[in-house]
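Comments concern the structure below.
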Amino acid sequence: MLRPDLLLQPTPKGLYCPPGDFYLDPVRGAVERAVISHGHSDHARGGHGAVLSHPHTLAIMAARYGENFAKSTQAVEYGEVIDINGVSVWLTPAGHILGSAQITVEYKGLRMTFTGDYKRRFDPTCARFEPVDGTHIFISEATFGLPVFRHPPTEHEMAKLLRNIADFPDRTHCVGAYSLGKAQRMIRHLRLAGHDAPIYIHGALEKLCAVYEDAGVPMGDLRPATMDDTSKAAREAFRGQVVIAPPGSFEGTWAQRFPDPLIGFASGWMSVRQRAKASGVELPLIISDHADWDELTDTVREVNPDELWVTYGREDALVRWAMLEGRRARPLRLVGYEEEAG
Ligand SMILES: [Zn+2]
(Lines give C-alpha, C1' and ligand atoms only; values in the text may rest on other atoms or scores of the structure.)
Protein backbone atom coordinates (compact mmCIF):
# COMPACT_ATOMS: atom_id res chain seq x y z
CA MET A 1 0.00 0.00 0.00
CA LEU A 2 0.94 3.61 -0.54
CA ARG A 3 3.07 5.21 2.17
CA PRO A 4 0.67 7.48 4.15
CA ASP A 5 2.89 10.55 3.94
CA LEU A 6 2.72 10.35 0.16
CA LEU A 7 -1.04 10.92 0.41
CA LEU A 8 -1.14 13.50 3.22
CA GLN A 9 1.86 15.33 4.57
CA PRO A 10 2.15 18.04 7.23
CA THR A 11 3.47 21.30 5.78
CA PRO A 12 3.70 24.81 7.27
CA LYS A 13 0.48 25.67 5.41
CA GLY A 14 -1.43 22.65 6.72
CA LEU A 15 -1.94 19.06 5.60
CA TYR A 16 -1.13 18.73 1.90
CA CYS A 17 -2.25 15.99 -0.51
CA PRO A 18 0.37 15.73 -3.31
CA PRO A 19 -1.54 13.48 -5.76
CA GLY A 20 -4.72 15.55 -5.38
CA ASP A 21 -2.83 18.85 -5.16
CA PHE A 22 -5.01 20.30 -2.41
CA TYR A 23 -4.72 21.29 1.26
CA LEU A 24 -6.91 20.38 4.21
CA ASP A 25 -7.77 23.45 6.35
CA PRO A 26 -4.81 25.56 5.14
CA VAL A 27 -4.10 28.22 7.74
CA ARG A 28 -1.05 30.07 6.46
CA GLY A 29 -1.83 32.13 3.39
CA ALA A 30 -3.98 31.41 0.38
CA VAL A 31 -3.76 28.17 -1.64
CA GLU A 32 -5.09 27.14 -5.05
CA ARG A 33 -7.37 24.41 -3.73
CA ALA A 34 -8.61 23.76 -0.20
CA VAL A 35 -10.92 21.25 1.43
CA ILE A 36 -12.26 22.76 4.65
CA SER A 37 -13.57 20.85 7.67
CA HIS A 38 -15.59 23.59 9.39
CA GLY A 39 -16.14 27.32 9.66
CA HIS A 40 -14.02 28.31 12.69
CA SER A 41 -11.53 30.96 11.64
CA ASP A 42 -8.51 28.85 12.63
CA HIS A 43 -9.56 26.28 9.98
CA ALA A 44 -11.47 28.31 7.39
CA ARG A 45 -9.60 31.32 6.05
CA GLY A 46 -10.75 33.52 3.21
CA GLY A 47 -8.87 34.17 -0.05
CA HIS A 48 -8.28 30.65 -1.41
CA GLY A 49 -8.72 29.74 -5.08
CA ALA A 50 -11.17 26.83 -4.97
CA VAL A 51 -12.87 25.75 -1.74
CA LEU A 52 -14.67 22.46 -1.29
CA SER A 53 -16.76 22.07 1.85
CA HIS A 54 -20.15 21.24 3.32
CA PRO A 55 -22.84 23.75 2.21
CA HIS A 56 -23.34 24.96 5.80
CA THR A 57 -19.62 25.68 6.15
CA LEU A 58 -19.70 27.63 2.89
CA ALA A 59 -22.68 29.62 4.25
CA ILE A 60 -20.76 30.35 7.47
CA MET A 61 -17.70 31.49 5.49
CA ALA A 62 -19.87 33.73 3.30
CA ALA A 63 -21.45 35.27 6.42
CA ARG A 64 -18.03 35.97 7.95
CA TYR A 65 -15.89 36.91 4.95
CA GLY A 66 -18.44 38.03 2.35
CA GLU A 67 -19.82 36.15 -0.66
CA ASN A 68 -16.50 36.38 -2.55
CA PHE A 69 -14.38 34.64 0.09
CA ALA A 70 -12.92 32.30 -2.59
CA LYS A 71 -12.58 32.33 -6.37
CA SER A 72 -14.85 29.30 -6.60
CA THR A 73 -16.69 27.03 -4.20
CA GLN A 74 -18.02 23.50 -4.36
CA ALA A 75 -20.69 22.38 -1.88
CA VAL A 76 -20.51 18.72 -0.91
CA GLU A 77 -23.04 16.88 1.24
CA TYR A 78 -21.98 14.30 3.83
CA GLY A 79 -21.21 10.99 2.14
CA GLU A 80 -21.00 12.39 -1.40
CA VAL A 81 -17.75 11.14 -2.99
CA ILE A 82 -15.78 13.67 -5.07
CA ASP A 83 -12.81 12.91 -7.30
CA ILE A 84 -9.93 15.40 -7.16
CA ASN A 85 -7.13 14.44 -9.58
CA GLY A 86 -7.80 10.76 -8.94
CA VAL A 87 -8.10 11.08 -5.14
CA SER A 88 -11.53 10.23 -3.68
CA VAL A 89 -12.64 12.76 -1.08
CA TRP A 90 -15.73 12.73 1.13
CA LEU A 91 -17.12 14.36 4.25
CA THR A 92 -18.57 12.68 7.34
CA PRO A 93 -20.20 14.51 10.29
CA ALA A 94 -17.77 15.59 13.04
CA GLY A 95 -20.39 16.73 15.60
CA HIS A 96 -18.39 19.90 16.36
CA ILE A 97 -20.53 22.77 14.97
CA LEU A 98 -23.04 23.23 12.14
CA GLY A 99 -21.58 21.83 8.90
CA SER A 100 -18.48 20.41 10.59
CA ALA A 101 -16.98 17.43 8.83
CA GLN A 102 -14.24 14.87 8.99
CA ILE A 103 -12.44 14.74 5.66
CA THR A 104 -11.58 11.32 4.25
CA VAL A 105 -9.15 10.94 1.35
CA GLU A 106 -8.60 7.64 -0.44
CA TYR A 107 -6.03 6.78 -3.08
CA LYS A 108 -4.62 3.45 -4.28
CA GLY A 109 -6.40 1.58 -1.49
CA LEU A 110 -5.14 3.84 1.33
CA ARG A 111 -7.86 5.56 3.37
CA MET A 112 -6.98 8.48 5.67
CA THR A 113 -9.47 10.42 7.78
CA PHE A 114 -8.77 13.89 9.18
CA THR A 115 -11.20 14.78 11.98
CA GLY A 116 -10.85 18.56 12.04
CA ASP A 117 -12.35 19.44 15.44
CA TYR A 118 -14.88 16.97 16.81
CA LYS A 119 -16.89 15.81 19.79
CA ARG A 120 -19.05 12.78 20.52
CA ARG A 121 -21.77 14.08 22.78
CA PHE A 122 -25.21 15.36 21.77
CA ASP A 123 -25.35 18.77 20.15
CA PRO A 124 -28.79 19.91 18.98
CA THR A 125 -27.29 22.20 16.32
CA CYS A 126 -25.38 19.72 14.16
CA ALA A 127 -25.18 16.18 12.85
CA ARG A 128 -23.64 13.65 15.21
CA PHE A 129 -20.05 12.37 14.71
CA GLU A 130 -19.84 9.15 12.72
CA PRO A 131 -16.73 6.95 12.75
CA VAL A 132 -15.41 6.21 9.25
CA ASP A 133 -15.06 2.46 8.77
CA GLY A 134 -11.91 1.06 7.22
CA THR A 135 -9.76 4.10 8.03
CA HIS A 136 -6.08 3.14 7.85
CA ILE A 137 -4.72 6.41 9.19
CA PHE A 138 -6.85 8.36 11.66
CA ILE A 139 -5.76 11.98 12.08
CA SER A 140 -7.22 13.32 15.31
CA GLU A 141 -7.22 16.63 17.08
CA ALA A 142 -6.23 16.63 20.78
CA THR A 143 -7.33 20.00 22.17
CA PHE A 144 -8.35 18.33 25.45
CA GLY A 145 -5.92 15.43 25.09
CA LEU A 146 -4.97 15.02 28.75
CA PRO A 147 -6.58 12.58 31.22
CA VAL A 148 -7.50 15.53 33.50
CA PHE A 149 -9.97 16.75 30.89
CA ARG A 150 -13.24 14.97 31.53
CA HIS A 151 -16.23 17.11 30.75
CA PRO A 152 -19.37 16.58 32.87
CA PRO A 153 -22.68 15.74 31.18
CA THR A 154 -24.14 18.73 29.32
CA GLU A 155 -27.47 18.34 31.17
CA HIS A 156 -25.64 18.84 34.46
CA GLU A 157 -24.16 22.15 33.30
CA MET A 158 -27.41 23.33 31.72
CA ALA A 159 -29.26 22.54 34.96
CA LYS A 160 -26.79 24.83 36.76
CA LEU A 161 -27.59 27.66 34.36
CA LEU A 162 -31.36 27.14 34.59
CA ARG A 163 -31.18 27.03 38.39
CA ASN A 164 -29.32 30.35 38.35
CA ILE A 165 -31.95 31.93 36.14
CA ALA A 166 -34.69 30.71 38.50
CA ASP A 167 -32.86 31.61 41.72
CA PHE A 168 -31.77 35.12 40.72
CA PRO A 169 -34.70 36.69 38.89
CA ASP A 170 -33.33 40.18 39.62
CA ARG A 171 -30.03 39.71 37.83
CA THR A 172 -29.09 39.77 34.15
CA HIS A 173 -27.74 36.37 33.15
CA CYS A 174 -24.83 37.08 30.83
CA VAL A 175 -23.42 33.96 29.20
CA GLY A 176 -20.11 34.15 27.38
CA ALA A 177 -20.06 31.75 24.44
CA TYR A 178 -17.92 31.66 21.29
CA SER A 179 -19.80 33.41 18.51
CA LEU A 180 -19.80 30.44 16.11
CA GLY A 181 -21.13 27.14 17.40
CA LYS A 182 -21.19 27.51 21.17
CA ALA A 183 -23.53 30.50 21.21
CA GLN A 184 -26.10 28.81 18.96
CA ARG A 185 -25.75 25.56 20.88
CA MET A 186 -26.40 27.34 24.19
CA ILE A 187 -29.49 29.00 22.70
CA ARG A 188 -30.74 25.64 21.41
CA HIS A 189 -30.09 23.87 24.74
CA LEU A 190 -32.02 26.64 26.52
CA ARG A 191 -34.93 26.25 24.08
CA LEU A 192 -34.98 22.48 24.55
CA ALA A 193 -35.05 23.03 28.32
CA GLY A 194 -38.21 25.10 27.87
CA HIS A 195 -36.70 28.58 28.05
CA ASP A 196 -39.06 30.31 25.61
CA ALA A 197 -38.40 33.89 26.73
CA PRO A 198 -36.52 36.25 24.40
CA ILE A 199 -32.75 35.74 24.40
CA TYR A 200 -30.67 38.86 23.88
CA ILE A 201 -27.64 38.50 21.63
CA HIS A 202 -24.52 40.55 21.00
CA GLY A 203 -24.25 42.02 17.48
CA ALA A 204 -21.35 39.66 16.68
CA LEU A 205 -23.79 36.72 16.79
CA GLU A 206 -26.53 38.07 14.56
CA LYS A 207 -25.35 36.88 11.13
CA LEU A 208 -24.25 33.50 12.43
CA CYS A 209 -27.54 32.86 14.24
CA ALA A 210 -29.27 33.68 10.93
CA VAL A 211 -27.13 31.05 9.16
CA TYR A 212 -28.24 28.47 11.74
CA GLU A 213 -31.90 29.46 11.29
CA ASP A 214 -31.51 29.12 7.50
CA ALA A 215 -29.99 25.68 8.03
CA GLY A 216 -33.10 24.59 9.93
CA VAL A 217 -31.85 25.08 13.50
CA PRO A 218 -34.56 27.18 15.22
CA MET A 219 -33.23 29.89 17.52
CA GLY A 220 -36.57 31.16 18.85
CA ASP A 221 -37.12 34.78 19.85
CA LEU A 222 -33.72 36.51 19.56
CA ARG A 223 -33.33 40.22 20.21
CA PRO A 224 -30.35 42.55 19.99
CA ALA A 225 -28.55 43.13 23.29
CA THR A 226 -27.90 46.70 22.31
CA MET A 227 -29.01 49.75 24.15
CA ASP A 228 -29.49 52.89 22.10
CA ASP A 229 -31.74 54.09 24.85
CA THR A 230 -29.61 54.28 28.02
CA SER A 231 -32.48 55.32 30.28
CA LYS A 232 -33.03 53.48 33.54
CA ALA A 233 -36.23 51.93 32.18
CA ALA A 234 -34.39 50.52 29.14
CA ARG A 235 -31.68 49.08 31.37
CA GLU A 236 -34.20 47.60 33.78
CA ALA A 237 -35.87 45.69 30.93
CA PHE A 238 -32.88 43.29 30.96
CA ARG A 239 -33.40 42.24 34.58
CA GLY A 240 -33.92 38.47 34.79
CA GLN A 241 -33.16 38.03 31.08
CA VAL A 242 -30.50 35.96 29.33
CA VAL A 243 -27.83 37.76 27.30
CA ILE A 244 -25.41 35.77 25.12
CA ALA A 245 -22.21 37.38 23.86
CA PRO A 246 -18.65 36.42 22.90
CA PRO A 247 -16.53 35.92 26.04
CA GLY A 248 -14.30 38.89 25.24
CA SER A 249 -17.22 41.30 25.46
CA PHE A 250 -17.56 40.64 29.18
CA GLU A 251 -13.95 41.57 29.91
CA GLY A 252 -14.51 45.31 29.44
CA THR A 253 -17.40 47.46 30.54
CA TRP A 254 -19.90 46.09 27.99
CA ALA A 255 -21.74 43.93 30.55
CA GLN A 256 -21.92 46.67 33.15
CA ARG A 257 -24.76 48.32 31.24
CA PHE A 258 -27.02 45.46 32.33
CA PRO A 259 -28.58 45.53 35.81
CA ASP A 260 -26.65 43.38 38.29
CA PRO A 261 -24.99 41.13 35.67
CA LEU A 262 -24.22 37.53 36.60
CA ILE A 263 -21.46 36.44 34.26
CA GLY A 264 -21.15 32.89 33.06
CA PHE A 265 -18.88 31.33 30.45
CA ALA A 266 -19.59 28.12 28.53
CA SER A 267 -16.32 26.46 27.56
CA GLY A 268 -14.37 23.27 28.00
CA TRP A 269 -11.65 25.43 29.52
CA MET A 270 -13.92 26.17 32.48
CA SER A 271 -12.80 22.81 33.85
CA VAL A 272 -9.50 24.53 34.63
CA ARG A 273 -10.34 26.23 37.91
CA GLN A 274 -7.62 28.88 37.64
CA ARG A 275 -8.89 29.93 34.23
CA ALA A 276 -12.43 30.37 35.49
CA LYS A 277 -11.14 32.33 38.48
CA ALA A 278 -8.78 34.54 36.49
CA SER A 279 -11.52 35.46 34.03
CA GLY A 280 -13.81 36.67 36.81
CA VAL A 281 -16.54 34.25 35.81
CA GLU A 282 -19.19 33.75 38.45
CA LEU A 283 -20.86 30.81 36.72
CA PRO A 284 -18.40 28.56 34.87
CA LEU A 285 -20.20 26.09 32.58
CA ILE A 286 -18.10 23.19 31.33
CA ILE A 287 -19.68 22.80 27.91
CA SER A 288 -17.23 21.99 25.15
CA ASP A 289 -17.42 21.52 21.40
CA HIS A 290 -14.27 19.36 21.54
CA ALA A 291 -13.86 15.74 22.54
CA ASP A 292 -12.61 15.28 26.09
CA TRP A 293 -10.03 12.63 27.03
CA ASP A 294 -12.54 9.77 27.17
CA GLU A 295 -14.13 10.78 23.88
CA LEU A 296 -10.71 10.95 22.20
CA THR A 297 -9.53 7.57 23.45
CA ASP A 298 -12.92 5.87 22.88
CA THR A 299 -12.94 7.21 19.32
CA VAL A 300 -9.44 5.92 18.55
CA ARG A 301 -10.46 2.48 19.87
CA GLU A 302 -13.67 2.54 17.85
CA VAL A 303 -12.08 3.65 14.57
CA ASN A 304 -9.18 1.29 15.33
CA PRO A 305 -6.82 2.59 12.62
CA ASP A 306 -3.48 1.07 11.61
CA GLU A 307 -1.87 4.28 12.77
CA LEU A 308 -2.94 7.37 14.71
CA TRP A 309 -1.69 10.83 13.77
CA VAL A 310 -2.35 13.66 16.20
CA THR A 311 -2.62 17.13 14.73
CA TYR A 312 -2.67 19.76 17.46
CA GLY A 313 -3.53 20.29 21.09
CA ARG A 314 -1.98 17.98 23.71
CA GLU A 315 -0.44 15.67 21.11
CA ASP A 316 2.14 14.00 23.31
CA ALA A 317 -0.21 12.57 25.92
CA LEU A 318 -2.54 11.05 23.33
CA VAL A 319 0.39 9.64 21.34
CA ARG A 320 1.87 8.13 24.51
CA TRP A 321 -1.50 6.62 25.48
CA ALA A 322 -1.85 5.08 22.00
CA MET A 323 1.65 3.58 22.15
CA LEU A 324 0.95 2.07 25.56
CA GLU A 325 -2.11 0.45 23.95
CA GLY A 326 0.23 -1.06 21.37
CA ARG A 327 -0.82 1.31 18.61
CA ARG A 328 1.34 3.09 16.07
CA ALA A 329 1.07 6.84 16.63
CA ARG A 330 2.85 10.06 15.77
CA PRO A 331 2.38 13.75 16.59
CA LEU A 332 2.17 16.06 13.55
CA ARG A 333 2.66 19.32 15.44
CA LEU A 334 0.58 21.32 13.01
CA VAL A 335 0.73 24.96 13.95
CA GLY A 336 -1.77 27.76 13.54
CA TYR A 337 -4.81 25.97 14.95
CA GLU A 338 -5.18 28.00 18.07
CA GLU A 339 -8.77 26.96 18.52
CA GLU A 340 -11.27 29.69 18.07
CA ALA A 341 -13.55 27.80 20.38
CA GLY A 342 -13.22 25.48 23.35
ZN1 LIG B 1 -13.42 24.38 15.59
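The values are calculated or read from the model by the stated rules, or taken from the named source; none is laboratory data. Computed from a prediction, not measured in an experiment: that's the story for all the values here. Backbone-built Cβ (ideal geometry, glycine too); neighbour counts: all protein chains shown.
What the table below lists for this structure:
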quantity	calculated
Residue within region 171-187 that is touching a residue at least 12 places away in the same chain (Cβ under 8 Å), under 17 Å from W309 (Cα atoms) and either touching a helix residue (DSSP H, G or I) at 6+ places or on another chain (Cβ under 7 Å) or buried (at least 24 other Cβ atoms within 10 Å of the Cβ) (or both) present	no
Strands (runs of 3 or more DSSP E) enclosed by region 265-342 - at least 1 residues per element that are hydroxyl-bearing (S, T, Y) and outside the structural domain of R171 (by TED's automatic domain parsing)	307-313
Some residue of region 286-293 being closer than 30 Å to L8 by Cα and charged (D, E, K, R)	yes
Residue match in region 101-118 (condition: within 30 Å of G252 (Cβ to Cβ), in contact with a helix residue (DSSP H, G or I) (Cβ under 6 Å, 6 or more places away or on another chain) and buried (at least 19 other Cβ atoms within 10 Å of the Cβ))	no
Condition broken by V243, with the remaining ones in (1) within 30 Å of D316 (Cα to Cα); (2) in contact with a strand residue (DSSP E or B) (Cβ under 9 Å, 6 or more places away or on another chain) satisfied	(1)
The listed residue being out of contact with any His (no Cβ under 6 Å at 6 or more places or on another chain), under 20 Å from V310 (Cα atoms) and not in a strand (DSSP E or B), out of H56, H43	H43
Residue satisfying condition, being part of a loop (DSSP other than H, G, I, E, B), more than 16 Å from the ligand (Cβ to nearest atom) and either farther than 30 Å from W269 by Cβ or out of contact with any Leu (no Cβ under 6 Å at 6 or more places or on another chain) (or both), within set D133, D117, D83	D133
Test: residue in region 223-236 that is closer than 30 Å to R111 by Cβ and surrounded by 13 or more Cβ atoms within 10 Å (Cβ to Cβ)	no
Region 72-97 residues that are on the phi > 0 side of the Ramachandran plot, paired with ones that are part of a loop (DSSP other than H, G, I, E, B) and among the hydrophobic types (A, V, I, L, M, F, W, C) (beta carbon under 8 Å, 6 or more apart)	G95/C126; G95/A127; G95/F129
